[in-house]
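Chemist: Below you will find the structure I want to go over with you.
The values are calculated or read from the model by the stated rules, or taken from the named source; none is laboratory data. What you see is a predicted model; the values in this text were computed from it and never measured. Neighbour counts run over all protein chains shown; Cβ positions are idealised from the backbone, glycine included.
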Amino acid sequence: MQTSQKKVGFRPKGIIPAVITPLTTEEEFNERAMRKLINHLIDGGVHGLFIVGTTGEFYGLTPEEKREIFLVTMDEAKGRVPVYAGTNGITTRESVMLTELAEECKIDAVSVLTPLFVTPNQDQLIKHYKSVAASTSLPVILYNNPPKTGVNIAPATVAKLAEVPNIVSIKDSSGDLTLTADYIRLTKDRDDFSVLMGRDTLIYGALCYGATGSIASCANVAPRLCVDIYEKYMAGDLEGSLKAQFALAPLRSAFTIGTFPAVIKESLTLIGIEAGPCMAPAGPMTQSEREQLTKVLIDMGLLK
C-alpha cells in the first residue's frame, strides 16, 4: 500500500473523450487504429483522454489487455494531454489491482466506477473508495453511472470522499442535473475537488452550475464540437456554447439506435476512422439502424 497524497495542481477539466477501444475482427486490441484515433482526438483540441471506461468496453478486457492499452496510449499521447484510465472492478480488490497497474504504466489519473452487480450501501462505497485511494498516489476520480450499475453515490458521500487527499473529482453519468448540481454545491468550497459531467447532452448545463468539464463519449466522433461547448463557455460566449450543445444533441440521442457502444464505433467507421466491432453480443447495427445513424451524421455536417 502506498500513502495517498494529493497530486498538487492536478485538476480534471475540459473535454475528455471516453475513448473507444478499437478492435480487430477477432476482437483483439488494434494498436494501429488506437494510435490514429488518439491523434484524431488531440488534433480535435481535446483536453485529455479517458481510456478503458464504459465506452472503452472495460468489462470485456483482461488485465493484460488493459496494460497494453495503457502503455500504447501513454506512448502515443507523449504528454500532450493527461491520460485518465478506468480501473473498474466489482470488488475492491479488483479495483485496487487495476489502479496499481495504471500507476505502473504511469497513467496520469484513474476513474473508478461504483461496483456493479453487487449493490453496496453508502458506508460500503466510502470504504471502497478510500481503500482504492490509499493504494495509489494517483489522483482518483469517482464515477457515478446508476443507469448502468444500479448504484448511486449520494451527494453526502461525495462530500465525505472529497476530503480524501487524492480523490480529486467525480464523473456523473446519472443524467440527473439536480444530482450533479448537489455534488457541486457540497464541494464548491474545495479548490482540490471538481465535478465532471458524464452525460453529453448536459455539458452546458453542468458548466453553468460550476462543473469543470466533461468526459464525453460523443467526443470520439465530434471532438471539435464538444470542445466548442467548453471553450466558448470559458471565453464567455454562452450563446455560442449553447448552440454547440444543441448541435451535439442528435448524436447523443442516437445512442438508442443500437446497442451501446455500437453507435460510437459505427459513427467513427462511417466518417472514415477505423474502430472495428464491439465485443459480442453488442453490435453490429442492422442496415436500417445504420441508415438512421448516417442521416444523423449528415444532418450534423459530420458526414457528406
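Chemist: Inside segment 104-131, can you point out the residues that are charged (D, E, K, R) and part of a loop (DSSP other than H, G, I, E, B)?
Modeler: LYS106, ASP108
Chemist: If you don't mind, another one. Which number in (1) in contact with an Asp or Glu (Cβ under 9 Å, 6 or more places away or on another chain); (2) farther than 18 Å from GLY44 by Cα marks the one condition that GLY205 misses?
Modeler: Failing condition for GLY205: (1).
Chemist: Next up: Among the candidates GLU100, GLU76, single out the residue that is part of a helix (DSSP H, G or I), of a type outside the set (S, T, N, Q), without any contact (Cβ under 8 Å) to a residue 40 or more places away in the chain and over 17 Å from TYR143 (Cα atoms).
Modeler: Of GLU100, GLU76, the one residue that is part of a helix (DSSP H, G or I), of a type outside the set (S, T, N, Q), without any contact (Cβ under 8 Å) to a residue 40 or more places away in the chain and over 17 Å from TYR143 (Cα atoms) is GLU100.
Chemist: Right, here's the next one. Going through ASP182, ASP192 one at a time, which residue ends up being in contact with a Pro (Cβ under 9 Å, 6 or more places away or on another chain), assigned to a helix (DSSP H, G or I) and either surrounded by fewer than 24 Cβ atoms within 10 Å (Cβ to Cβ) or not hydroxyl-bearing (Ser, Thr, Tyr) (or both)?
Modeler: Unique residue meeting the criteria: ASP182.
Chemist: Give me the pairs, please: first residue somewhere in segment 14-43 and small (Gly, Ala, Ser), second residue anywhere and buried (at least 18 other Cβ atoms within 10 Å of the Cβ) and in a helix (DSSP H, G or I), beta-carbon distance under 6 Å, and either six or more positions apart or on two chains.
Modeler: So the pair list comes out as GLY14/TYR230; ALA18/SER217.
Chemist: Could you look through segment 202-231, keep only residues that are surrounded by fewer than 20 Cβ atoms within 10 Å (Cβ to Cβ) and without any contact (Cβ under 8 Å) to a residue 60 or more places away in the chain, and pick out the one that is nearest to GLU266 (Cα to Cα)?
Modeler: So the residue we want is GLY205.
Chemist: I'd like the residue in segment 257-269 that is in a loop (DSSP other than H, G, I, E, B) and within 19 Å of the chain's Cα centre (by Cα) and, out of all such residues, is surrounded by the most Cβ atoms within 10 Å (Cβ to Cβ).
Modeler: PRO261
Chemist: Would a scan of segment 111-131 turn up a residue that is touching a helix residue (DSSP H, G or I) at 6+ places or on another chain (Cβ under 8 Å), of a type in the set (Phe, Trp, Tyr) and surrounded by 15 or more Cβ atoms within 10 Å (Cβ to Cβ)?
Modeler: yes
Chemist: Same structure again: I'm checking my understanding of the structure. Among residues of segment 156-179 that are touching a residue at least 60 places away in the same chain (Cβ under 8 Å) and not in a loop (DSSP other than H, G, I, E, B), which one is nearest to the chain's Cα centre (by Cα)?
Modeler: If we take residues in segment 156-179 being touching a residue at least 60 places away in the same chain (Cβ under 8 Å) and not in a loop (DSSP other than H, G, I, E, B), then LYS171 is nearest to the chain's Cα centre (by Cα).
Chemist: Could you list, in sequence order, the residues of segment 132-152 that are part of a helix (DSSP H, G or I) and hydroxyl-bearing (Ser, Thr, Tyr)?
Modeler: THR149
Chemist: Sort out which residues of segment 270-291 are loosely packed, with under 15 Cβ neighbours inside 10 Å and assigned to a helix (DSSP H, G or I), and write them in order of number.
Modeler: The answer is GLN287, SER288, GLU291.
Chemist: So, one more: For GLY56, which of the numbered conditions (1) of a type outside the set (Phe, Trp, Tyr); (2) part of a loop (DSSP other than H, G, I, E, B); (3) free of Cβ contacts under 8 Å to residues at least 24 places away in the same chain fails to hold?
Modeler: Status for GLY56: all satisfied but (3).
Chemist: Next question, about the same structure. State the number of residues belonging to segment 70-90 that are touching a helix residue (DSSP H, G or I) at 6+ places or on another chain (Cβ under 7 Å) and either surrounded by 15 or more Cβ atoms within 10 Å (Cβ to Cβ) or among the hydroxyl-bearing types (Ser, Thr, Tyr) (or both).
Modeler: Total satisfying the criteria: 12.
Chemist: When you go through (1) part of a loop (DSSP other than H, G, I, E, B); (2) modelled with pLDDT of 95 or more; (3) surrounded by fewer than 23 Cβ atoms within 10 Å (Cβ to Cβ) one by one for LYS36, which number turns out not to apply?
Modeler: Failed condition: (1).
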